[in-house]
1. Can you give me the span-like helices of the chain, meaning DSSP H runs with 20 Å or more of Cα extent along the axis and Kyte-Doolittle mean at or above -1.0?
2. Over the chain, calculate the relative contact order: mean separation of alpha carbon pairs under 8 Å at least 6 apart, over the residue count, as a percent.
3. Please go through the stretch 1-72 and write out the chymotrypsin sites (Phe, Trp or Tyr not before Pro) that DSSP classes as loop and that have at most 16 other C-beta atoms within 10 Å.
4. Treat the count of other C-beta atoms within 10 Å as a stand-in for reagent exposure and order ILE134, ILE4, ILE119 from fewest to most.
5. Under a 5 Å amide H to amide H cut-off, with H placed in plane at 1.01 Å, what residues pair with SER29 once short-range neighbours are removed?
6. Which trypsin sites (Lys or Arg not before Pro) does the stretch 1-71 hold that lie in a coil by DSSP with at most 13 other beta carbons within 10 Å?
7. Kirkwood Rh over Cα pairs of the chain into Stokes-Einstein at 4 °C, 1.567 mPa s: D in µm²/s?
8. Give me the percent relative contact order of the stretch 71-153, please, defined on Cα pairs under 8 angstrom at least 6 residues apart.
Amino acid sequence: MKNIEKLEQSLTYEFKDKNLLIHALTHKSFKKSYNNERLEFLGDAVLDLVVGEYLFHKFAKDAEGDLSKLRAALVNEKSFAKIANSLNLGDFILMSVAEENNGGKEKPSILSDALEAIIGAIHLEAGFEFAKTIALRLIEKNFPQIDAKILIK
């Protein structure tokens, strides 16, 4: 695993509890008594709410069905893997040698799950508003043209 301070710089968040970040970066294949699945669960819920609220305000005149489609276009494995790749997250994920040899550090599902786990960890340590700020910055950086016509293709 690379120096996690580089990841923290990319996130613009320094964990007070480095073990929480390591927990968020630990894939279930790694031989530890913990993994990132529970943090992923929490981060998924946080991201769903953050994106839903963001779209609600950004597209104030759009119908609920359109907002749901927009949220689905942003809150998914492919989009989160893109964000994870922008952070070089694969370099930091702890996983078994077998999983790594099987291309695990490039798998969209693993990258997406780790991103969700990190957002969940930030939420636990710093609260919803801080997690929201970081999540929105990452989303806007990776999807600068959040436009209904582009996303719902």
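1. 37-58, 108-126, 128-142
2. Values: 197 pairs, mean separation 54.2, N = 153.
Once divided by the residue count of the chain, the mean separation gives 35 percent.
3. Working: sites: TYR13, PHE15, PHE30, TYR34, PHE41, TYR54, PHE56, PHE59; in loops: TYR13, PHE15, PHE30, TYR34, PHE59.
Passing sites in the stretch 1-72 are TYR34, PHE59.
4. Starting with the residue having the fewest Cβ neighbours, the order is ILE4, ILE134, ILE119.
5. Close amide H contacts, sequence-distant or interchain: SER96.
6. The qualifying sites are LYS2, LYS16, LYS31, LYS32, LYS61.
7. Working: Rh = 15.7 Å.
Rounded to a whole number, D works out at 82 µm²/s.
8. Relative contact order, the stretch 71-153: 34 percent.
Throughout, read-outs are computed from the coordinates displayed, never taken from laboratory work. Since the model is a prediction, treat every value here as computed from it, not as a measurement. Cβ atoms come from the backbone with ideal geometry, glycine included; neighbour counts cover every protein chain shown.
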